[in-house]
Every structure is written in C-alpha cells, then in structure tokens.
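Below: the structure, in structure tokens.
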Amino acid sequence: MTIPIELKSNRSVEYNIYIDKLPKLKFNRKVAIITNPTISKLHLNTLLKNIVADMVYVVTIPDGEEYKNLDTVETILDELFKNKLDRKSLVVAFGGGVVGDISGFCASIYQRGVDFIQIPTTLLAQVDSSVGGKTGVNNRFGKNLIGSFYQPKAVYIDIDFSRDFTKERV
Ligand SMILES: NC(=O)c1ccc[n+]([C@@H]2O[C@H](COP(=O)([O-])OP(=O)(O)OC[C@H]3O[C@@H](n4cnc5c(N)ncnc54)[C@H](O)[C@@H]3O)[C@@H](O)[C@H]2O)c1
C-alpha cells in the first residue's frame with residue numbers, strides 16, 4: 001500500500017526587503033531582539049524607540065565569530081524560554097552576519113519555528129547574509145555546518161546603522 005502525503009507549505013516564504021530609514025514597527029506579540037554588546041551600545045536605543053510590541057526582551061550574546069556555536073544557541077533558547085516567548089512571538093536579529101545567522105537558526109528551532117525579521121547592521125549583512133534564509137552556526141568541523149534554510153518575515157535595511165562602521169573600514 002502506498003499513502004501519498006501531499007503537503008502544502010503552511011508557512012509563507014515570501015517577504016519584503018525594505019531599504020529605507022527604519023520605520024516604526026508595531027507587533028501585537030512578544031518580541032526578542034538578539035544582538036551583541038557592540039551593536040547594542042551604538043544602536044539599540046534607536047531600535048527600541050522604533051519598536052512597539054506586547055513585550056520587548058533583549059538577548060545579548062558575546063561579540064565574535066567564535067561565539068557562533070551551539071553553546072550560544074543554547075543560551076539564546078534558554079532566554080527565550082525564561083521569558084516565556086510563545087509560538088506567536090517574534091525574533092529580531094539585530095547585528096551583522098553572526099547575529100543574523102545564529103538568530104535565524106534559533107528562530108527556526110524554537111518551539112519548532114517562530115517568525116523572525118532581520119535588521120542588519122554591517123555592509124555584508126545588508127547585502128548578503130540577511131537575505132536568502134541561510135541560517136546556522138559553526139562547530140569544530142567547520143563553518144556553518146549546522147543550520148537550516150529559514151526565511152525571515154522581513155528585512156529592514158537602514159544604512160544609518162552601518163554608515164560609521166563602513167566608513168571606519170574603508
Ligand atoms: N547567511 C548567509 O547567507 C551568509 C552570507 C555571508 C556571510 N555569512 C556569515 O556572516 C558572518 C560575517 O558577518 P559580518 O561580516 O557582518 O561579521 P560580524 O557579524 O562578526 O560583524 C563584524 C563586527 O562588526 C560589529 N558590528 C556590527 N554592526 C556594527 C555597526 N553598525 N557598527 C560597528 N560595529 C558593528 C560586530 O559586533 C562585529 O564585531 C559570518 O559568520 C558568515 O558565515 C552568512
């Protein structure tokens with residue numbers, strides 16, 4: 001006997017990329033912003049002024065590629081559980097490619113998947129890593145070997161977040 005299983009995706013994978021000044025964002029649900037201390041010091045206040053939600057939590061992870069690993073995933077998930085984020089909650093990735101990749105991965109596995117948006121703050125993240133839905137972390141066998149394809153619900157690119165950073169690097 002063969003039983004065909006026909007599945008229609010129950011999750012839309014279409015989304016918009018907004019390239020503009022960050023608009024006011026309003027969510028009727030809990031929001032967890034994932035960021036690191038470097039970005040937080042520079043830009044978190046601006047982001048917080050622009051977000052209205054039922055509750056807003058900030059999860060701060062250490063800065064650096066060496067923290068893009070499963071230990072940090074565990075730390076993030078613990079924070080989401082401690083703050084009782086439910087399946088309707090939203091994860092906001094606020095940072096460069098490291099924060100974006102790990103936040104997207106956590107969103108893809110937390111309670112089997114919650115929505116997430118990307119607000120990238122480096123040039124690389126704005127032109128590359130925040131779009132396309134590749135999420136993941138490194139392990140001792142190599143880079144980005146653990147992960148998922150998981151599309152954001154939206155990407156908000158405000159070049160003011162990356163302007164000074166880009167100038168410094170040129
Ligand atoms: N998912 C994808 O499709 C994809 C594509 C390319 C790269 N990546 C991943 O992206 C990561 C690299 O991303 P990255 O180059 O953004 O590095 P990064 O996230 O480590 O950021 C670089 C540094 O800049 C700091 N920073 C971020 N925004 C800043 C700002 N506005 N002002 C000042 N400092 C700021 C960060 O804290 C960090 O110290 C790698 O892990 C790579 O694997 C993923």
Exercise for the section: Can you confirm whether segment 130-137 contains a residue that is closer than 20 Å to GLU14 by Cβ and open to solvent by less than 10 Å² (accessible area, probe 1.4 Å)? Expected result: yes
Practice task
Just give me the residues in segment 12-36 being closer than 20 Å to GLY133 by Cα and either open to solvent by 90 Å² or more (accessible area, probe 1.4 Å) or within 15 Å of the ligand (Cβ to nearest atom) (or both), in sequence order.
Solution key: VAL13, GLU14, TYR15, ILE17, TYR18, ILE19, ILE33, ILE34, THR35
Completion exercise
With the first residue restricted to segment 76-100 and required to be on the phi > 0 side of the Ramachandran plot, and the second required to be assigned to a loop (DSSP other than H, G, I, E, B) and small (Gly, Ala, Ser), Cβ contacts under 8 Å at 6 or more apart or on different chains are none
Fill in the blank from the handout: Per the filter on segment 116-129, residues within 9 Å of the ligand (Cβ to nearest atom) and touching a residue at least 60 places away in the same chain (Cβ under 8 Å) are THR121
Exercise for the section: From ASP128, ASP63, ASP101, grab the single residue that is of a type in the set (Asp, Glu) and more than 18 Å from VAL155 (Cα to Cα). Expected result: ASP63
Problem - Selected residue [more than 10 Å from the ligand (Cβ to nearest atom), outside any strand (DSSP E or B) and more than 18 Å from LEU47 (Cα to Cα)] from SER103, SER108 - result: SER108
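Here is a yes/no grid of residues against (1) open to solvent by 40 Å² or more (accessible area, probe 1.4 Å); (2) β-branched (Val, Ile, Thr); (3) in contact with a helix residue (DSSP H, G or I) (Cβ under 8 Å, 6 or more places away or on another chain); (4) part of a helix (DSSP H, G or I):
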| residue | (1), (2), (3), (4) |
| --- | --- |
| THR38 | yes, yes, no, yes |
| MET55 | yes, no, no, no |
| GLU79 | yes, no, no, yes |
| LYS84 | yes, no, no, no |
| ALA93 | no, no, yes, no |
Exercise for the section: Quick one: in segment 138-165, of everything that is hydrophobic (A, V, I, L, M, F, W, C) and surrounded by fewer than 18 Cβ atoms within 10 Å (Cβ to Cβ), which residue is nearest to the ligand (Cβ to nearest atom)? Expected result: PHE165
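The values are calculated or read from the model by the stated rules, or taken from the named source; none is laboratory data. This one's a predicted model, so the numbers in the text were calculated from it and none came from an experiment. Please note: Cβ atoms are built from the backbone with ideal geometry, for glycine as well, and neighbour counts cover all protein chains shown. Just the protein is used for accessible areas: all its heavy atoms, side chains included, with ligands, DNA and RNA removed. Shrake-Rupley method; radii C 1.70, N 1.55, O 1.52, S 1.80 Å.
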